[in-house]
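The block underneath contains the structure these notes are about, expressed in structure tokens.
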Amino acid sequence: MVTTDVVEVAWQLPRTPRSASRARALLREQLTEWKVDGEVADTAQLLLSELVTNSIRHGRVPPGREIGVRLARYEGRVRVEVADASNALPEPRQAGLDEEDGRGLALVIALADRWGCCPRRHGIGKATWAELVLPVRAVGGSE
């Protein structure tokens, strides 16, 4: 039986390159508590890292503003979400073979079961999110 209860946690992180690794550490800790591991946990870490990095690089918000990171588990899914004060929507692009960056959103699109962007919950800006379907054992079923 799948529950419709939403369980979530949220953090505010500074807009610095180190926040991607901090977000991954917080995510790992929370997923362990929720008993979510394996491929879903690994993929969630990659998705969150890409979303945080994109927010830091492309958010274009005033210095000192933080980014919001939210993790939710509901209806057999886990969602990672990153909010910033920029209204600029993420745009997928085709990175050249010799480019070292520009593949983050392409990874999100390829690996997430669903992804999108919505207005920020509080204030100006947007939240970009990605969802993964949890294995049956992680949502209350048996293996």
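Brief remarks follow.
- Which numbered condition ARG73 misses (of (1) under 24 Å from VAL133 (Cβ atoms); (2) among the basic types (Lys, Arg); (3) surrounded by fewer than 17 Cβ atoms within 10 Å (Cβ to Cβ)): (3)
- Of all residues in the range 12-24, those satisfying the criterion of being modelled with pLDDT under 95 and surrounded by 15 or more Cβ atoms within 10 Å (Cβ to Cβ) are LEU13, ARG15, SER19, ALA20.
- Within the range 27-40, tally of residues that are under 12 Å from the mean Cα position of the chain (by Cα) and surrounded by fewer than 18 Cβ atoms within 10 Å (Cβ to Cβ): 0
- Residue count, the range 103-143 (criterion: at pLDDT below 85, of a type outside the set (A, V, I, L, M), part of a loop (DSSP other than H, G, I, E, B) and within 20 Å of GLY68 (Cβ to Cβ)): 4
- HIS58, sole failed condition from (1) over 19 Å from ARG15 (Cβ atoms); (2) at pLDDT below 85; (3) of a type outside the set (Val, Ile, Thr); (4) surrounded by 12 or more Cβ atoms within 10 Å (Cβ to Cβ): (1)
- Matching residues in the range 41-55 - criterion: being surrounded by fewer than 19 Cβ atoms within 10 Å (Cβ to Cβ) and out of contact with any helix residue (DSSP H, G or I) (no Cβ under 7 Å at 6 or more places or on another chain): ASP42
- Among the candidates GLU66, GLU75, residue that is farther than 23 Å from ALA25 by Cα, at pLDDT 80 or above and out of contact with any Gly (no Cβ under 7 Å at 6 or more places or on another chain): GLU75
So that you can scan it fast, the table gives a plain yes or no per residue for (1) basic (Lys, Arg); (2) in contact with a Gly (Cβ under 6 Å, 6 or more places away or on another chain); (3) farther than 20 Å from ALA112 by Cα:
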| position | (1), (2), (3) |
| --- | --- |
| TRP11 | no, no, yes |
| ALA20 | no, no, no |
| ARG24 | yes, no, no |
| LEU31 | no, no, no |
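The values are calculated or read from the model by the stated rules, or taken from the named source; none is laboratory data. Because the structure is predicted, anything quoted here is derived from the model rather than measured. Quick reminder, even Gly has a Cβ in these numbers, built from the backbone with ideal geometry, and neighbours come from all protein chains shown.
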